[in-house]
Amino acid sequence: GKIIPDLATTWTDTPTSATFHIRKGVTCSDGTPLTPAVVAASLQRYMNPATAAPLLAEVIGGGNKATVTADSSADTVTVSLAHPWSWLVQGLTSNFTGIICPAGLKNPSSLLTHSEGTGAWVASSEVSGSSYTFTRRASYWGGPAFSGQPSGTVPKSLVLKVVEDDNTAANLMSTGSLDIASYSTNDWTRFKNQSGYTYQIQPQTDTMLVFNETPGLATDKQSVRLAISQAVNRTAMTGVLGNGHGITESNLGQPSYQCYDSSLSSLIPKYNVSAARKVLKGMHFSIIGTTQLSAGNGTSYLLAELEQAGATVTLNNENNEAWVTQLFSGKNNWDLTILGYGNTENSILSAAGFFTGPPPPKGENLGDVQVPAEASAYNSAGQLSGTQSCAAIATLQKSLLQGNDVIPLTGMPIFDVFAGHTAGVVVKGFVQPSSIRITK
């Protein structure tokens, strides 16, 4: 959860602005120097509503406007907001706000096949949907100083393989065809305590049961959402999703997050199949899910629990791209899903953004939750700071839980396995590419 310097060496912020001192000596992948003007141009594009950038509301606040200015003489960039949003700096750590260099801004479609940034690696070839090869930039400045950086040789290239199934990834790793892999299932245990393999286990993905409250759907009724919540054994679900290493959550995030409130667990309905059956018997629900979350086992378990409570259920587990596309399409042709959010900002407010504002495709309110008190608490939490912000976040979460608008499930771990004499820094379950080293 600690913010460390990267392209910005230092920064200062107020509720309505943040000023960043830009690192000198950094170049883009095509050799263009990184200047405050380059940074400002990229952020201006991201914060322009016409860009429809992901998670913009979490960065600057819902309905807010931002202006970005560069001061070349001071080597600074300032982001100014029309209305206060005290989580701006935290929001700007999101990968979606990464700086795009001038060539990429001039021709955004080039970003599909070319690297137009300041990172350690440059795309060199691709087989779409199969593998992507990146070569190391000799002129890379070195990258942020992550804790625990391993020693060794920097690889000359990285080949990223698209492998949707953990068992397949384990087979490739066991034959030496894969050096680094992240597992969400117990396939990682094939390498546990085996010579030549090291691993790290870290909590990564916060999961929660999301109800589609679009008017006309069965899950628009609170009594139905309550019954579904009673039908789900969250402790058992943690076993399914966490593979023995998960934590049952009672907030929209993990206990390490700022403003976490353990008292909210009392607002989550207790497991009660008989009570659930009185409401759900004979009802039909459509579940969509992603195979990226423990191979889709969580939604399969949800199906079984609802059927035990007397409902009939259809389940469509898809690959992650298809699932995300369906969620944000605005079709609203589903009743339930398990949302998995790799919250790199470690922010409960960031997760709450999926339950306020307009629904897709115009917004990120996945379940079309329209409760004015919740929207008000969300805005207050972003405009305040410290204990006042946490109080507003508590009010927001209480409303969501009391209305059965969302049910927190599990903090899912990721099992990162290193083979082939490789090592690297893992942050929130994600291997940091610039940190990867060959140790022999």
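Counting heavy atoms of the protein chains alone, Arg136 has an accessible area of about 60 Å² for a 1.4 Å probe. Rolling a 1.4 Å probe over the protein heavy atoms leaves Thr387 with an accessible area of roughly 120 Å². Beyond 27 Å, the tail of the calculated P(r) for the stretch 1-157 holds 27 percent of the Cα pairs.
Comparing Cα centroids, the stretch 292-322 and the stretch 1-49 end up 42 angstrom apart.
Under the simplified labelling scheme, the Asp75-Asn167 pair shows an inter-label distance of 5.5 nm, with each label point 7 Å from Cα along Cα→Cβ.
Shape class of the stretch 280-354 from the alpha-carbon gyration tensor: prolate, with a/c at 1.5 or above and a/b greater than b/c.
For the chain, which whole percent of the accessible surface, found with a 1.4 angstrom probe, sits on carbon and sulfur atoms? Reported share for carbon and sulfur atoms: 53 percent. Computed from the Cβ-Cβ distance with R0 of 25 Å, the FRET efficiency linking Thr439 to Ser131 stands at 0.60.
Extension gain, Ala82 to Gln194, is 34.7 nm, computed as 0.36 nm per intervening residue step minus the present C-alpha separation. Compared with the direct C-alpha span, the chain from Val89 to Ser266 gains 60.5 nm at full extension, assuming 0.36 nm per residue.
Among the listed options [x] 69, 44, 38; [y] 98, 65, 40; [z] 66, 56, 37, the one matching Cα extents along the principal axes in Å as calculated from these coordinates is [z]. Among beta bridges from DSSP that stay inside the chain, the antiparallel ones total about 85%.
Label positions at His284 and Ser223, each projected 7 Å from the Cα along the C-beta direction, are separated by 2.1 nm. Between Val273 and Lys65, the C-beta separation translates, for a Förster distance of 45 Å, into a calculated FRET efficiency of about 0.40. Here the gap between Ser157 and Ser139, fully extended at 0.36 nm per residue and compared with their Cα-Cα distance, gives a gain of 5.0 nm. Counting only aspartates and glutamates at least 8 places from Lys270 when in the same chain, those with an alpha carbon closer than 19 Å to its own are Glu249, Asp261, Glu305, Glu307, Asp405.
Taking a sphere under 15 Å around the Cβ of Asn212 and counting the other residues whose Cβ falls inside, with K and R at +1 and D and E at -1, yields a net charge of -3.
When the chain is described by a simple charge dipole with +1 on each Lys and Arg Cβ and -1 on each Asp and Glu Cβ, the residue from Gly31, Leu92, Gly357 located farthest towards its positive end is Gly31.
The values are calculated or read from the model by the stated rules, or taken from the named source; none is laboratory data. A quick note: this is a predicted structure, and the numbers were derived from the prediction, not measured. Because the Cβ atoms are built from the backbone with ideal geometry, glycine has one as well, and the counts that use them run over all protein chains shown. Heavy atoms of the whole protein, side chains included, go into the accessibility calculation; ligands, DNA and RNA do not. Shrake-Rupley method; radii C 1.70, N 1.55, O 1.52, S 1.80 Å.
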